[in-house]
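Below: the structure, in structure tokens.
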Amino acid sequence: MTSTRAITLNALSLYGLALLLTAAFAAQFALHELPCPLCLLQRILFATLAIGPILNIRFGPRPSHYAASLLAAVAGAVVSTRKVLLHIMPGDAGYGSALLGYHYYTWALLGFIAAIVLLAGLLLFDRQFEDDTTHPTAPSGFAQGAVWLVIGLTVLNVASTLLECGFAACADNPTVYELLKH
Amino acid sequence: MEFTALFLAVTIVMLVAWRGSRPLALMLYAAVLIACVATYLHHATDTLKLSF
């Protein structure tokens, strides 16, 4: 796999992450389900996952960039597992509503595991690292769009989290936006 | 509040990765990841209701 193809795949992964962050927003606003602290941390780690692809697009593919994303994915999987275990006992209705039979934190765990597998798969292709990455070519519009989309969605998360938690610690089971309370 | 700060920090790291220097981006990334782990450990205090 050439460096150019790897960069395209990295841009595609950013669009995937953007889709995921948008779906989380859709659930939050359409179903009026506010994310819990661990749910917010999972979102943060999905956003952190995007830093590796951004570095790959800007500076060319390097193993250290993939390693950065791998560490974020492992941390995300740990947080998601913790959330799953909190609601694993029979009779526990779980937190929030389910999508296709699974709660969002279960989907998040599957997403982080998929990211680990995909990142390991991408690391198998050595040729992408052999190209000259000291003078990478300018990113395509496709890649630039992916980067700005993910950055924009992360900025929106800053705003929504500020509305939800206000300037204090976030509630364990939030039901209202703290800054919109009368 | 800490989650807002973390989202803001991730945004800054993304912008540095996209516009700034690579070493600075990697350093900030490491700081954010450590902050995430610390936040997780701070919140993961409830006893898991598991029985084995």
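No value in this document is a laboratory result; all are computed from the given coordinates. Bear in mind that the values here come from a model prediction, so they are computed numbers and not experimental data. Here Cβ is always computed from backbone atoms with ideal geometry, including for glycine, and neighbour counts include all displayed protein chains.
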Least to most buried among A:130, B:2 (fewest other Cβ within 10 Å first): A:130, B:2
Cα gyration tensor, the stretch A:16-86 - rounded (a/c under 1.5), prolate or oblate: oblate
Cα-based Kirkwood hydrodynamic radius, the protein assembly as shown, one decimal, Å: 18.3
